[in-house]
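Encoded as structure tokens, the structure appears first; notes follow it.
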Amino acid sequence: MYVPKNFAMNDRETAVALTEARLAQLVSHGSAGFMVTPLPLLYRPASHTLVGHVSRANPHWQQAGDCVAIFSGPQAYISPSFYATKSETGKVVPTWNYEVVTVYGELTARDDPHWVHALVTELTAHLERGRPKPWGIDDAPREFTAAQIRAIVGVELSIDRIEGKAKMSQNQPERNRVGVIDGLRRSPDPSDHRAADCVETFNTR
């Protein structure tokens, strides 16, 4: 991934992004060409791995080896009308702000029901945290859960390298960044509000 220096995320920022991440695009390349699977992946800091599961019918788990997991963070269209310099020079163009983390490593299949059960329990607890009445894997009938686990295969990505890129108007003068934050916060789209927070964060670090 091309990462200009002023858009590069540091180790702490990528670690936070991975901890908060949800859906990834898992990409591998084998004899049949590229394979892409969207799936939630959980970051385990202690082992520096990403873990998740796919359907047994999905051949991706059989394509072990080098892969990349791509996590997309907040993003938003940036209108030239947000910039103070629009009225000053008119030399402005549209762009897109975004945060993305790419994780490179070795993919291993975990076709072990005990490993998968532990993973599903951990992943569910992670995603259910903060809910008033979090659902747990033991809330479902044991026989039903066992059948569901037999239908999936675990995957584990041993991380070799992480790249984080946050293109959040760092290349703009302060008055334009202020305009971007204000413009995004006025948007009716809640996802634009998250992007506004990121512009503020990455320009005050």
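The values are calculated or read from the model by the stated rules, or taken from the named source; none is laboratory data. Being a predicted model, the structure only gives us computed values, none of them experimental. Here Cβ is always computed from backbone atoms with ideal geometry, including for glycine, and neighbour counts include all displayed protein chains. Each accessible area value is taken on the protein alone, full model and side chains, heavy atoms only, with ligands, DNA and RNA left out. Shrake-Rupley method; radii C 1.70, N 1.55, O 1.52, S 1.80 Å.
Averaged over its residues, the chain has an accessible area of 57 Å² per residue, based on protein heavy atoms and a 1.4 Å probe.
Can you tell which of 83, 104, 43 shows the greatest fluctuation in a Gaussian network model of the chain with Cα springs below 10 Å? Taking springs between Cα atoms under 10 Å, the residue moving most is 83. Counting only lysines at least 8 places from residue 165 when in the same chain, those with an alpha carbon closer than 26 Å to its own are 5, 91.
Quick one: pull the percent of accessible area on the chain belonging to carbon and sulfur, 1.4 Å probe, ligands and nucleic acids left out. That share works out to 55 percent.
Going from most exposed to least, what order do 96, 115 have by accessible area with a 1.4 Å probe? It would help to have the intermediate numbers written out before the result.
On the way: 96 120, 115 55 Å².
Reading off the accessible areas and sorting them downward yields 96, 115.
Using +1 on the beta carbon of Lys and Arg, -1 on that of Asp and Glu, and nothing else charged, what's the dipole of the chain about the Cα centre, debye to 20?
Working: 22 positive and 23 negative charges, 113 e Å.
In total the dipole reaches around 540 debye.
Name the shape class, rounded, prolate or oblate, that the alpha-carbon gyration tensor gives for the stretch 165-205, where a ≥ b ≥ c are the square roots of its eigenvalues, rounded holds for a/c under 1.5, and otherwise prolate holds if a/b is larger than b/c and oblate otherwise. Oblate.
Accessible surface ranking for 9, 168, 35, 1, 1.4 angstrom probe, highest first: 1, 35, 9, 168. Comparing 180, 92, 155, which has the greatest mean-square fluctuation in the GNM of the chain with Cα pairs linked when under 10 Å apart? Top of the fluctuation ranking is 92.
DSSP finds beta bridges in the stretch 1-143, and of those with both partners inside it, around 100 percent are antiparallel.
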